[in-house]
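Working notes, beginning with the structure itself.
The values are calculated or read from the model by the stated rules, or taken from the named source; none is laboratory data. Please read these numbers as outputs of a predicted model, since none were measured by experiment. Here the Cβ positions follow ideal geometry from the backbone for every residue, glycine too, while neighbour counts run over all protein chains shown. Note: areas computed on protein heavy atoms with side chains; ligands, DNA, RNA excluded. Shrake-Rupley method; radii C 1.70, N 1.55, O 1.52, S 1.80 Å.
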Amino acid sequence: MLWSFRSAALALGLGCVAGTLWEGLDDRVAALAFGLLVVVGETARRSGADVREAAPLGAAGGLAYALLGAHDGALQAVAVVGTAALLGNVPHIASGRRPTPDHLTRRVLTVGFAAVCFQPLDTRGGLEQWGGPVYALLLVALLVLTALCDAVLAAAQAHSRTGWPFGPLLRDELRGLLGIGSAVCATGAVMALAVAVVGLWALPVFCLPLVLTQLSLRRYEAVRATYRQTIASLARATEVAGYTPAGHARRVAALSEAVGRDLGLSRAELTVLEYAALMHDIGQLSLVDPVPAGATAVLPAAEQRRIALLGGAVVRQTGVAAAVAVVVERQADPSREQPLAARIVRVVNAYEEKSRDSGPGGQLTALEELRLATAGDYAPEVVEALARVLARDCLTLRAAG
């Protein structure tokens with residue numbers, strides 16, 4: 001599916017460039033100004049798994065140019081924005097950032113959608129008959145449709161790239177529209193209207209809020225990165241002290257996050273799940289005698305609950321979010337009484353411990369043991385989600401018998 005999106009974007013971009021060269025560039029000053037704006041926005045774009053809109057300034061500039069009625073149709077809008085986006089992403093392509101092709105695909109197809117919807121009406125003079133509220137409502141409707149198109153496209157790309165369920169990915173994208181997505185759409189529309197009234201001098205004025213927003217987001221991401229590093233360092237305390245094997249917390253966190261995605265958790269829920277999985281064994285630091293190999297899954301239920309409660313108390317004292325402490329505390333409760341995140345941590349931790357030293361076929365053996373214990377100890381829906389994740393990741397899972 002990724003190649004179909006990329007092929008469509010490439011064909012659209014090349015066709016619009018060829019058509020613009022054939023017909024000639026209309027209003028070159030505006031094309032240059034918006035092109036430079038998109039180049040600057042794309043050059044300064046961010047990267048990362050949690051980034052909803054990597055280049056808000058470039059997105060707003062591209063959308064504004066698509067909604068600007070001063071040039072010759074949709075072909076020029078897509079050609080200018082697509083070319084500028086490609087130039088702005090040259091540094092990212094040179095550094096090998098893998099999401100770049102998908103990012104360019106979204107930019108070209110989204111701008112193309114907005115331009116194809118808006119430019120024919122403007123070129124034929126249909127918008128001149130409408131004024132005031134009707135024109136504003138038309139722009140709002142077009143922006144909503146464009147934002148929905150972009151969200152569906154982003155979710156489809158992520159689904160094709162990772163294999164994660166499409167529904168939760170689309171839900172996260174739609175939630176993101178309420179934040180930076182709405183700011184981008186509103187800025188793009190206001191920018192187009194302002195340029196049409198007062199000229200290109202409106203661009204720097206209306207770009208400033210997005211620039212400040214992007215700087216704030218960078219600082220927020222730096223704080224989040226530091227916060228996560230702190231949690232990871234606390235999680236490694238059990239490994240340094242010899243209570244758990246090296247890398248155990250990281251493996252449980254990575255697999256728990258994958259299972260959570262399969263079960264449809266949101267980004268915020270996945271963050272809580274990841275932090276709780278990293279710190280799920282921290283209660284063992286309160287033990288006088290370490291558990292052999294840190295394998296708490298084989299301990300009596302009462303001892304597991306005691307360690308979990310100790311871990312939750314430690315998490316609360318570190319200042320980590322209370323939701324993380326709750327998951328750590330309840331990971332040893334009966335499965336029917338646990339929140340979903342605690343069920344996931346318990347199942348994945350048990351699987352990692354059971355399969356760690358089992359040798360060939362240990363993964364299958366561990367999974368079957370978990371399935372046999374779904375009547376009380378482990379949630380069946382989580383065990384089956386774990387099986388799907390392992391199969392999707394091409395691990396060795398062969399049918400028993």
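Descriptive notes on the structure:
- Flag if Thr213 is among the polar types (S, T, N, Q) and open to solvent by less than 20 Å² (accessible area, probe 1.4 Å): no
- Check on Ala301, within 17 Å of Asp333 (Cβ to Cβ) and under 31 Å from the mean Cα position of the chain (by Cα): no
- Among the residues of the stretch 333-358, just one is over 15 Å from Arg251 (Cβ atoms), small (Gly, Ala, Ser) and at pLDDT below 85, namely Ser335.
- Residue satisfying all of: in the stretch 1-42; among the aromatic types (Phe, Trp, Tyr) and either at pLDDT below 85 or farther than 28 Å from Ala154 by Cα (or both); surrounded by the fewest Cβ atoms within 10 Å (Cβ to Cβ) among these: Trp22
- Inter-residue pairs, beta-carbon under 7 Å, first on the phi < 0 side of the Ramachandran plot and in contact (Cβ under 8 Å) with a residue 60 or more places away in the chain and in the stretch 372-390, second assigned to a loop (DSSP other than H, G, I, E, B) and open to solvent by 40 Å² or more (accessible area, probe 1.4 Å), 6+ apart: Ala385/Leu263
- Inclusion of Asp50 among residues that are at pLDDT below 80 and surrounded by fewer than 16 Cβ atoms within 10 Å (Cβ to Cβ) is warranted.
- In the stretch 70-93, the residues that are under 20 Å from Ala8 (Cα atoms) and at pLDDT below 80 reach residues that are part of a helix (DSSP H, G or I) and open to solvent by 20 Å² or more (accessible area, probe 1.4 Å) with C-beta atoms within less than 8 angstrom, at least six apart or across chains, in these pairs: Gly73/Pro120; Gly73/Thr123.
- Inter-residue pairs, beta-carbon under 6 Å, first within 16 Å of Ala277 (Cβ to Cβ) and in the stretch 228-241, second aliphatic (A, V, I, L, M) and open to solvent by 60 Å² or more (accessible area, probe 1.4 Å), 6+ apart: Glu239/Ala246
- Any chance Val288 is touching a residue at least 40 places away in the same chain (Cβ under 8 Å), among the aliphatic types (A, V, I, L, M), farther than 17 Å from Arg250 by Cα and outside any helix (DSSP H, G or I): no
Per-residue answers, yes or no, for (1) of a type in the set (Gly, Ala, Ser); (2) closer than 30 Å to Leu177 by Cβ:
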site	(1), (2)
Ala276	yes, yes
Leu285	no, no
Ala293	yes, no
Thr296	no, no
Ala302	yes, no
Arg306	no, no
Leu310	no, no
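- Filter result for Leu210 (in contact with a helix residue (DSSP H, G or I) (Cβ under 6 Å, 6 or more places away or on another chain), in contact (Cβ under 8 Å) with a residue 60 or more places away in the chain and within 30 Å of Thr146 (Cβ to Cβ)): yes
- Filter result for Arg261 (within 22 Å of Pro168 (Cβ to Cβ), open to solvent by 20 Å² or more (accessible area, probe 1.4 Å) and basic (Lys, Arg)): yes
- All of Gln317, Gln331 fail the test of being polar (S, T, N, Q), out of contact with any Pro (no Cβ under 6 Å at 6 or more places or on another chain) and free of Cβ contacts under 8 Å to residues at least 12 places away in the same chain, apart from Gln317.
- Residues in the stretch 193-207 that are in contact (Cβ under 8 Å) with a residue 12 or more places away in the chain, open to solvent by less than 20 Å² (accessible area, probe 1.4 Å) and over 29 Å from the mean Cα position of the chain (by Cα): Ala194, Val195, Leu203.
- Scanning the stretch 145-164 for residues that are open to solvent by 70 Å² or more (accessible area, probe 1.4 Å), in a helix (DSSP H, G or I) and touching a residue at least 40 places away in the same chain (Cβ under 8 Å) yields one hit, Arg161.
- Answer from Val198, Val184, Val205 - the residue that is of a type in the set (Val, Ile, Thr) and at pLDDT below 80: Val198
- Restricting the stretch 317-352 to residues that are of a type outside the set (A, V, I, L, M) and within 11 Å of Ala277 (Cβ to Cβ) leaves a set whose member that is surrounded by the fewest Cβ atoms within 10 Å (Cβ to Cβ) is Glu352.
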